[in-house]
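First comes the structure, then the notes that go with it.
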Amino acid sequence: MATVKPGGIGPIRGKTGNTTRYDLNGKQIVRGIGGPGPATPKRLMIRQRTRLLQEVFSPLDAFIRVGFDKCLKEWCWTFHNVAMNLNNPDSISGIYPDQFVDYSKLILSKGNLPGVKHPEVKLIDNSLVFSWENNAEEDGADEDDQVMVAVYFPEMEKAMTVQSGTTRKSGRYQLQLTSHVEDRVMEIFMAFNAEDRRDVSDSVYVGNLMWTANTENHGEA
C-alpha cells in the first residue's frame with residue numbers, strides 16, 4: 001500500500017499497482033515490480049554482464065565510492081548504479097555465454113580533475129612501484145592532488161585499493177603487497193583525488209602484471 005503526506009498531494013511511497021515508489025537523494029524513484037519474465041537469450045546475456053561486473057565492483061567498493069562520488073551528487077544515483085551505467089555493456093567483450101570483462105575499458109572513477117599523465121607501474125620484490133609525470137601546471141590540477149590506485153586479482157575476486165596516496169607532484173607511489181604462495185594476475189588502475197575531496201580524475205587502466213611466487217620474476221606495465 002502506498003502512503004502520502006497529509007496536507008495535499010506529496011511524495012508517494014510504497015506500492016501502487018505494479019510499481020513501487022521511494023525517495024532517493026531527494027528525488028522520487030518509480031520502479032516496476034513483478035517477475036523478470038522468461039529467460040530469453042537476451043535476458044541471459046544481460047544477466048551475465050551484470051554478474052561479471054558485480055564480481056569486479058564488489059571488492060573495489062571503497063575505490064569506486066570515492067571515484068563516483070561527484071556523479072552521485074550530480075546524477076542523484078547510487079554509486080552502484082553509476083558504475084553499472086558507465087560500464088555496461090562497454091566494458092564487456094565476447095559473445096554470450098563467453099562474455100568477459102575487458103579491464104582496459106573499465107571505468108572506476110569519473111570527474112573533472114586532470115588525469116594521470118604517462119602512468120607506469122613496476123613490480124619490485126613484493127611491491128608495486130607507480131610513477132607518473134607531474135602535470136600540476138595543467139588547468140584544474142593541483143600539486144597536492146593525491147593518487148588513487150586499485151589492484152584487482154581476478155582469480156581470487158579480491159582487490160587492494162588506496163584512495164589517498166602520495167601527491168601529484170611526487171610522481172611516485174609504492175604499494176606493499178601481501179605475501180602469497182601462488183601466481184597472481186593483477187589488473188591495475190590509477191586516478192587522482194583532490195586534497196579537499198571535492199573532485200577526482202577519470203581512472204586510467206595501467207595494465208596487468210603477473211605476480212609470481214618467485215619474487216625474482218618481476219614485471220613492468
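If I stretch the segment between ARG43 and GLU155 completely, what's the gain in nm (0.36 nm per residue apart, minus their alpha carbon distance), one decimal? Don't skip to the end; give the middle numbers.
Values: separation 112, 0.36 × 112 = 40.32 nm, distance 2.61 nm.
Working it through step by step, the gained length comes to 37.7 nm.
Could you run the Karplus curve 6.51 cos²θ - 1.76 cosθ + 1.60 with θ = phi - 60° over segment 180-189 and give me ³J(HN,Hα) per residue in whole Hz, x for Gly and Pro?
Result, rounded to whole Hz: 8, 10, 10, 5, 9, 8, 10, 9, 10, 9.
Taking the Cα centre of segment 46-137 as the origin, how large is its charge dipole in debye, to the nearest 20, when only Lys and Arg (+1) and Asp and Glu (-1) carry charge on their Cβ atoms? Display every interim value, and only then the final one.
Numbers: 10 positive and 11 negative charges, 66 e Å.
That gives a dipole near 320 debye.
Among VAL147, MET186, VAL204, whose Cα projects farthest towards the positive end of the dipole of segment 129-218, with charges put on the beta-carbon of Lys, Arg (+1) and Asp, Glu (-1)?
The listed residue farthest towards the positive side: MET186.
Run the numbers for TRP75 and MET210: contour at 0.36 nm per residue of separation, minus the present Cα-Cα distance, in nm. Write down the numbers at each step before the final one.
Details: separation 135, 0.36 × 135 = 48.60 nm, distance 3.74 nm.
Additional length available on full extension: 44.9 nm.
Might you report the magnitude of the Cβ-based charge dipole of segment 74-221 about its Cα centre, with Lys and Arg at +1 and Asp and Glu at -1, to the nearest 20 debye? Kindly include the intermediate steps, with their values, before the conclusion.
Details: 11 positive and 25 negative charges, 44 e Å.
Result for segment 74-221 is approximately 220 debye, rounded to the nearest 20.
Put +1 on the Cβ of every Lys and Arg and -1 on every Asp and Glu Cβ in segment 41-220; which of ASN88, ASN126, ALA62 then has its Cα farthest towards the positive end of the dipole?
ASN88
Grab the Cα-Cα distance for GLU120 and GLU138, subtract it from 0.36 nm times how many residues apart they are, and report the gain in nm with one decimal.
Working: separation 18, 0.36 × 18 = 6.48 nm, distance 1.96 nm.
Full-extension gain reported as 4.5 nm.
Coordinate-derived values only; no laboratory data. Small disclaimer: the values here were computed from a predicted structure and weren't measured. When we count neighbours, we look across all protein chains shown, and the Cβ atoms used for this are built from the backbone with ideal geometry, even at glycine.
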